[in-house]
Amino acid sequence: MKLYMLVRRNIKLFFKDKSLCISALIAPLILLFLFIAFLGNVYKDSLRSSLGEFPVSDTLVNGFAAGWLISSLIAVCAVSIAFTANLTMVQDKIMGRANDLAVAPVKNSTLALGYYLSTAIVTALVSYIALFAGFIYIAIAGWNLSVSDVLLTVLDTFLLVLFGTALSSIVCRFLKSQGGITAVEVVVSAAYGFLCGAYMPISSLAKGLQDVLTFLPGTYGTSLLHEHLMGGAIDAIGADGAPAELLKGVRDGFDCNLYFFDHAVPEWVSYLVLSLTVLALVGVFVAICILAAKKHKKK
Amino acid sequence: MQNAIEIEHLKKYYGEVKAVDDISFTVKQGEFFAFLGVNGAGKSTTISILCGKEQSDGGTVRIEGLGQENLDEVKKRLGVVFQDCVLDRPLSVYDNLRYRAALYGITGQAFEETLKELCALFDLTPILKRPVDKLSGGQRRRIDIARALLHRPNILILDEPTTGLDPQTRKSVWEIVHRLRKERNMTVFLTTHYMEEAADADNVVIIDSGKILANATPLELKNRYTGDFITFYNAEEEELKALGMPYEKVGKTYRIEVANTEKATELVLKYPKIFRDFEITKGKMDDVFLAVTGRRLEQ
């Protein structure tokens, strides 16, 4: 009950802060608009160039590009929104409310989980709103997704939300000011998209950098989203008669296939990496909270 | 009378700084206890150790016989009102009370009954649904105190509770606290900058640079550290000069300080003509504090 009430309190605090709430909701929409306006044609041209002489319909190309944009959008939002949602934890420290919580008979692990779960719920809510808008956009551009693609995308988003929440919780645990979290948000929004292969395919980067990025768990989540939101369009191109080699080239070129030091990573391994990372990061976050409270007592 | 708080040889060091340096005192059950000191004297550190927020570097703290190894039980017996408002300002009064109560396991019908009681006590019904940030400072303070009393603690710790409040609100806050103290035999542990609040205490401890400089009742402290003051009304300055003692003009009155009431009585008997209209008063807690620490409390 204590955990449930803490989660409710944290969520309510987030949604009562209108500026925070609006900025969290608007951020993915702005990103979606920018993606469509500036990068839509880049990826359409890139697909056509990958397919060479093979003729492909505009609907398939549009559907493919929309899948890339939405998968990138969700991959970035699941992490960046989590940083915004975690502001409640930082504000508790800034406003002195953390002192009040510290004198209540609540375990530090319960407080930590309360922040984690509330941030995850808020991030999931905003991410799923963005995903719903994304599905509408894909439907308008050219729908090639199967029911399993949709369900797996929902699962991918869920895992990325848990991952983004855990990562942001660890970082935010060390922040003590509003300026600090703003600075971190700016860095994360700018850098994370490149690091996870959302803004540009990892396959287009230098080999050494590709290998380094495959050590980052976010990359696996982004790759899963790419496959589930673009795979349908690629399969449809295959159904139109495109050779398997050509399709593999497209999948490799747009990170639907992920390679760990030249070894293809099966989908289930990506899920395993992401799930284990989430568990490990949540464990680290809870441990940090408990240790920080003990250190504060001894200070 | 049992001891509510027992502190023995308590020490807390921050590197070279001895924030609390081997202090010992007891607070009796149902007592109104004032803990006085300038900023940085060691008051807040002592309170933090009492509440379990910080660990001591030596000595023992027992709350109603319980040591810090029973921290959860200790926390249930303490209610803490911090100097700064620690309410969730965007949330309603009701939500603030409900989420706080849940941390003490008070939910459902039990919470509604407690709420009813607190509403009657603090006149909260008209503001129950209003967000805290729309309330006045006095109203917020009432809610801070109500929140600290949700779980019916045996000991109420008030860390400068009336700082920044207007005199009328201060008066009403104290009326409630004193009423509760009588009705529930609640121990009140107060730190304050307002010396007149400390004058009403059953016992006073003055701390400076981490050490206890005085520990007694206000009357004992006044007798020990200040003399009596005789104020003359409608007296001529020439008459005062005849006394052969230093005097000061305060408005339309003259005031002289004597060692004690005995000395005052001697003067009355010796110079009956001068003592037509006069008043003998004890020194004030301000004077005690100045005499003990060599400085005045900032207000």
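The values are calculated or read from the model by the stated rules, or taken from the named source; none is laboratory data. Note that this is a predicted model, so its numbers are computed, not measured. Glycine gets a Cβ as well: all are built from the backbone with ideal geometry, and neighbour counts include every protein chain shown.
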**Q.** Odd one out for residue A:19 among (1) surrounded by 11 or more Cβ atoms within 10 Å (Cβ to Cβ); (2) of a type in the set (Gly, Ala, Ser); (3) farther than 18 Å from residue A:66 by Cα
**A.** (1)
(Q) Of the conditions (1) closer than 22 Å to residue B:101 by Cβ; (2) touching a residue at least 60 places away in the same chain (Cβ under 8 Å); (3) surrounded by fewer than 18 Cβ atoms within 10 Å (Cβ to Cβ), residue B:149 satisfies every one except a single condition; which number is it? (A) (3)
Q. Restricting to the range B:207-224, what's the tally of residues that are of a type in the set (D, E, K, R) and not in a strand (DSSP E or B)?
A. 3
Q) Out of (1) out of contact with any helix residue (DSSP H, G or I) (no Cβ under 9 Å at 6 or more places or on another chain); (2) under 20 Å from residue B:102 (Cα atoms); (3) more than 14 Å from chain B (Cβ to nearest Cβ); (4) not acidic (Asp, Glu), what's the single condition that is false for residue A:112? A) (1)
**Q.** Residue satisfying all of: in the range B:162-212; touching a strand residue (DSSP E or B) at 6+ places or on another chain (Cβ under 6 Å) and small (Gly, Ala, Ser); nearest to residue B:44 (Cα to Cα) among these
**A.** B:210
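For the subset of the range B:66-75 comprising residues that are surrounded by fewer than 19 Cβ atoms within 10 Å (Cβ to Cβ) and either closer than 18 Å to residue B:152 by Cβ or of a type in the set (S, T, N, Q) (or both), which member is farthest from the other protein chains (Cβ to nearest Cβ)?
Filtering the range B:66-75 down to residues surrounded by fewer than 19 Cβ atoms within 10 Å (Cβ to Cβ) leaves B:66-73.
Filter once more, keeping what is either closer than 18 Å to residue B:152 by Cβ or of a type in the set (S, T, N, Q) (or both): B:66, B:68, B:70, B:72-73.
Values: B:66: 12, B:68: 9, B:70: 11, B:72: 4, B:73: 8 Å.
By that ranking, first place goes to B:66.
Each row is one residue, and each column tells you yes or no for (1) among the hydroxyl-bearing types (Ser, Thr, Tyr); (2) more than 14 Å from chain B (Cβ to nearest Cβ); (3) out of contact with any strand residue (DSSP E or B) (no Cβ under 6 Å at 6 or more places or on another chain).
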position: A:100; (1), (2), (3): no, no, yes
position: A:117; (1), (2), (3): no, yes, yes
position: A:123; (1), (2), (3): yes, yes, yes
position: A:137; (1), (2), (3): yes, yes, yes
position: A:169; (1), (2), (3): yes, yes, yes
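For residue B:53, indicate whether it is of a type in the set (D, E, K, R) and either out of contact with any Pro (no Cβ under 8 Å at 6 or more places or on another chain) or assigned to a strand (DSSP E or B) (or both). Steps first, please.
Working: of a type in the set (D, E, K, R): yes; either out of contact with any Pro (no Cβ under 8 Å at 6 or more places or on another chain) or assigned to a strand (DSSP E or B) (or both): yes.
So residue B:53 fits the description; yes.
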**Q.** For residue A:36: the one exception among (1) surrounded by fewer than 19 Cβ atoms within 10 Å (Cβ to Cβ); (2) touching a residue at least 24 places away in the same chain (Cβ under 8 Å); (3) in contact with a Gly (Cβ under 8 Å, 6 or more places away or on another chain)
**A.** (3)
Q: Look at residue A:252 and say whether it is at pLDDT below 90, in contact with a helix residue (DSSP H, G or I) (Cβ under 7 Å, 6 or more places away or on another chain) and not β-branched (Val, Ile, Thr).
A: yes
